Structure formats: structure tokens, C-alpha cells
């Protein structure tokens, strides 16, 4: 087995390789002056069982095109099997036609990953697991809550209360709450599909003097977390932590959450960020062995 | 027949629609804060014959992903036939494995365009026409030299001498020279595949007091054109014009050419740029009718 760390997941790829005692074949990559990517495998992959690790953030489209180009190149260069590990899968929120005429982007992208030649697909906390059904190949959604829970347990939280900032993350929050042996609740978020405006509301939870942990699959603008954090502080929470699998954290997101009273933001290395202190490498390694 | 102008070719798409007297269905598109594209067709395409116009520069990867998402959405929404018009096709220079291990990017992308559901493919002055063979669907490479020659003829050039700045553009230069009834020559360029350094040399052409016209399929950094222009001015050319189909013109390219003595830069609207004064709309419209 050979691990190929893609341009967007060099560190994570190397970590996974170490855990499964596999060697790596590095990719030479650069950008031409006009913005095109150049990709070249630095060693032979002929007849080999390949694990390609390539996340798709930031620069979703650039990372996706690289992913597709590398998969096809690997097969073309004679790889026996290509397992595509995409720790964060972009466009997963566009999983249905919310309004007539919309592209169902994630379905198209899964079809293209398959068409490019991937034999298996692995991701972590995809927005909705059912979207993987668009793939005709073996597909696995790994649960980031496993490594997040372990990390939270080591923090010595005070009587923690786990909450999801919207309905979409209830399952994730429940899994974390169970591992922590903590209470669990949720807020409700409504998003205007046209203006994008977000409203958050929830039933009062007894968080007075306790550590509230907001858990979500991804944090992008931080707006949903900020709204929930403000409410939790009003309700008397001692500390508010925000933990997620995918810390997309667009510019200003971190500051927005801090200002709303979030004391700590935690994420995994499915996406590189200043808060990516939890590695999903053990999770992925276990699945690949 | 309905024309769908893609986000990267709104003006060109509308121009083509007008020439073939077809109505357009516009695309609503925006970027989410984290960089993902949102795409939605604003009208019905069910049972229709669709011409999708979407170039792939600048932001090659973003434009390519949009192209693939729109093609699939059109088919999914019931379009009877989708003709993908990609005036400038990115990655066309990576058409072979120059070094062991390289991705043959253009081949992969053509396979994906087909996999997404395109029924026909049209482009203008693709880097090498033979690359179109990777497509299993009807594929046409239109000659931008037709509209470029017409434009040049109207300029009243003085005893023009047409030259290609390297061997790759000899055919294009010859076609322009023939239409202008002008002499034709070429420079030779060598590019170091690793460092990217470019050397240009040529046999002395009798350009003294005449208008020299450098013709190429694309101008990216302008380095090749600048090198050739310097030589032409040394040889006594009265004016040096640089004409191309695809004016990619990365930052600094225009200034680089001006400093080397290029008096005028001309390009077509396969790519939007300040020098895109020649439209390929008539060329494409003629082929679609």
C-alpha cells in the first residue's frame, strides 16, 4: 500500500502513512503563472494499491480539479486500486434541488470522482450521509465525533452541556454527548435560501455555571455558532466551547465567535486552520488497515 | 434552441444568441462566503436543445467545475441535447506526459466533460487539435484566425510580414498570412521543462520599414512575444503587432510586451481582457446554425 498525499493534505497524508506503516509517493505540484496546476507523481505506482489523501478546502474548485486529475493519472500510470480519501468534501450542502433549476452539485461531483477512476471513497462527517448513495463505488463516511469526543474528554470540562447550533447537527451532538456522558440539547436555525439571513432560537437549557459545548459538522462564517453562543452566555453558561469537524473559518469567523462569547474554538485537520488541533489520522488509518 | 451563457461568458453567450436568433436562459450564480459556487437555471430547459457557452479563464478550475456542474444540471433538468461551447479550453497545453509521472490534464478534463453529459463540444484554437480525439462525442475546433485575419485586413497594415513566435503557432501564422496575402516566417522557442526559462531565436527576416505581425494561439506572460518583438525591432520593423486568439495576459504581460517594443496587442473575446476587441461570436454562430 502506498499513500499519495495530495497538495491540500500533505501533513495529514504523511500522518496517515506513518500510522499504517505505508510508504508515500509525493506529488510535485506548482502553479503556472496563469493559474493552471501542474501535477506529477514522483515515483512509480504501477500495480500498487494507492491511498490518495486530498481535502477540498480552501479553494474548493482548485482542490477538486486536482483530485480528479490525480485519480485519473494514478489509474493511467497503472495503479491497481485507488482509494480516494477526501477528509472534507466540498459542495456537500448542495445535496438537493432546494429551488427549481438548481445544480445538485454534490451528486455531480461524486459521479465525476467515480468517472475519473476512483475505486473507493472515504470522507469524514459529510453533511448528509445519504448523499454518498450517488456513488456506485464503495463509500464510507467516518465519524469525526470519535476523535473530537476524546479530545473534549481530556479537557476536564465542568459539568458539560452539549448543544447543536441547528437541527442538522443533532446526531453529531448526541454522539459527542453520549461519549462525554453529558446532557444534550439543540437550537433551531432557519436560513433564508435567497438572502442567506440566519435566525437561531432554542428552548432555555440549564447551563448556568456549566461548560456549554456547541458541536457542528462545519464552521464557515461562524454566524450560527455566534448566535447560539450569545444565547448560552445570556443563560449563564460559565464557558462556551465550539467544536467542529471542518473548521472552514472564512476571514472574520474566528473574531465573530470570540466577540459573541465563544471561549474556545476546536476543529480537526480535515481542513488546515489555526484551530485544527485534533487529527483525524487515527480515524482514517483504522479504516484503511 | 436555447443559449445558456455561463458565468464566465455572459457577453459572448448573449452575442451568439442574438446572431442565431435564439433565446437565452440565464444562470443565477453567486459565491458563498467560503468560496463555493451556487448555480441555478432561471428558466425551463426541458426537452430543449441547449448551447452552453462557458470559457475557462481566468480562474480555470472554478470555471471548469462550473462547466461540469452546469452540464450535469442541464441534463438532469431534462435538456434534450447539450452542446458545450468552451471558447478557451484550459489545460490544453498539458496534452502529453512530457515527464514520467505527469498528469495528462486535458485528456482527463475531456473525459469528465463527456461524463458530465455533454453531447457535443466546441472550442476555438485549442492548443493541439489532436487532443480532441480524447472525446467520444462530436468535437469541433474552430479557427480564430478567420476573425483575426478580417480584423487585421481592416487595419491597413504597411506591407505586413506575419511571424509566429515559436514553432507551435506556425500553422496559425500561415493561415493569417495567406488571408492577408503576406509573407510568413517563424521564430524558434525552446522552453526548459523544469525551470520554465524561454529562449527565442530566428533567421533574419526582411522586415525593415514594414509592419510585423506576431500571431499566436494564446498570450500568457507575454515573454515569448516580447523576445520576438525585441528581435523584430532590431531588424528594423516599423511597427510590431501581436495578435492572438486567447489573451490570457497575466499581470504584467501587457507592460512586458510594450517595453519590448510591441505597438499593439490584439485578442479575441474567447477570454475577457482589455485587448479582446475581436469577437468570435460570428465564428461560433456559423457553426451552430
Quiz item: Are any residues in the stretch B:2-29 more than 11 Å from chain A (Cβ to nearest Cβ), under 29 Å from residue A:90 (Cβ atoms) and surrounded by fewer than 16 Cβ atoms within 10 Å (Cβ to Cβ), and if so, which ones?
Solution: B:11
Quiz item: For the stretch A:150-173, does any single residue satisfy the condition of being under 21 Å from residue B:71 (Cα atoms) and either in a helix (DSSP H, G or I) or away from chain B (no Cβ under 14 Å) (or both)?
Solution: no
Self-check item: Output for the stretch B:30-41, where each listed residue is within 19 Å of residue A:92 (Cβ to Cβ) and in contact (Cβ under 8 Å) with a residue 24 or more places away in the chain
Solution: B:37, B:39
Practice problem: Report the residue count in the stretch A:1-22 for those that are in contact with a helix residue (DSSP H, G or I) (Cβ under 6 Å, 6 or more places away or on another chain) and either part of a strand (DSSP E or B) or not assigned by TED's automatic domain parsing to the domain that holds residue A:74 (or both). | Solution: 2
Practice problem: Please work out if residue B:100 is surrounded by fewer than 20 Cβ atoms within 10 Å (Cβ to Cβ), facing chain A (nearest Cβ under 9 Å) and either in contact with a strand residue (DSSP E or B) (Cβ under 6 Å, 6 or more places away or on another chain) or assigned to a loop (DSSP other than H, G, I, E, B) (or both). | Solution: yes
Practice problem: Please indicate, with yes or no, whether at least one residue in the stretch B:127-139 is modelled with pLDDT under 95, on the phi < 0 side of the Ramachandran plot, outside the structural domain of residue B:49 (by TED's automatic domain parsing) and in a helix (DSSP H, G or I). | Solution: no
Quiz item: Which ones in the stretch B:47-66 are in a loop (DSSP other than H, G, I, E, B) and more than 11 Å from every other protein chain (Cβ to nearest Cβ)?
Solution: B:47, B:48, B:54, B:55
Exercise. Scan (1) in contact with a helix residue (DSSP H, G or I) (Cβ under 9 Å, 6 or more places away or on another chain); (2) more than 14 Å from chain A (Cβ to nearest Cβ); (3) crowded, with 22+ Cβ neighbours inside 10 Å for the single condition residue B:211 breaks and write down its number.
Key: (1)
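Quick one: which residue in B:158, B:167 is modelled with pLDDT under 95, in contact with a strand residue (DSSP E or B) (Cβ under 9 Å, 6 or more places away or on another chain) and closer than 18 Å to residue B:245 by Cα? Before the answer, list the steps.
Details: B:158 fails: closer than 18 Å to residue B:245 by Cα.
Just a single option satisfies the conditions, and that option is B:167.
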Quiz item: Counting only residues that are closer than 13 Å to residue A:139 by Cβ, within 9 Å of chain B (Cβ to nearest Cβ) and surrounded by fewer than 22 Cβ atoms within 10 Å (Cβ to Cβ), how many does the stretch A:108-121 have?
Solution: 2
Exercise. Take the residues in the stretch A:112-126 that are over 18 Å from residue A:66 (Cβ atoms) and not in a loop (DSSP other than H, G, I, E, B), then tell me which one is farthest from the chain's Cα centre (by Cα).
Key: A:120
Exercise. Please report, ordered by residue number, the helices (runs of 4 or more DSSP H) entirely within the stretch B:197-289 with at least 3 residues that are within 23 Å of residue B:139 (Cβ to Cβ).
Key: B:281-288
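One line per residue, one yes/no per condition, for (1) within 30 Å of residue B:78 (Cβ to Cβ); (2) in contact with a strand residue (DSSP E or B) (Cβ under 8 Å, 6 or more places away or on another chain); (3) buried (at least 17 other Cβ atoms within 10 Å of the Cβ):
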residue	(1), (2), (3)
B:128	no, no, no
B:141	yes, yes, yes
B:148	no, yes, yes
B:172	no, yes, yes
B:175	no, no, yes
B:193	no, no, no
B:203	no, yes, no
B:206	no, yes, no
Practice problem: Identify, by number, the condition in (1) under 28 Å from residue A:125 (Cβ atoms); (2) touching a helix residue (DSSP H, G or I) at 6+ places or on another chain (Cβ under 9 Å) that residue A:25 doesn't meet. | Solution: (2)
Quiz item: Mind checking which residues of the stretch A:67-82 are surrounded by 23 or more Cβ atoms within 10 Å (Cβ to Cβ), touching a strand residue (DSSP E or B) at 6+ places or on another chain (Cβ under 6 Å) and more than 8 Å from every other protein chain (Cβ to nearest Cβ)?
Solution: A:71, A:74, A:79, A:82
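The values are calculated or read from the model by the stated rules, or taken from the named source; none is laboratory data. Please read these numbers as outputs of a predicted model, since none were measured by experiment. No Cβ is skipped: glycine too gets one built from the backbone with ideal geometry, and neighbour counts run over all protein chains shown.
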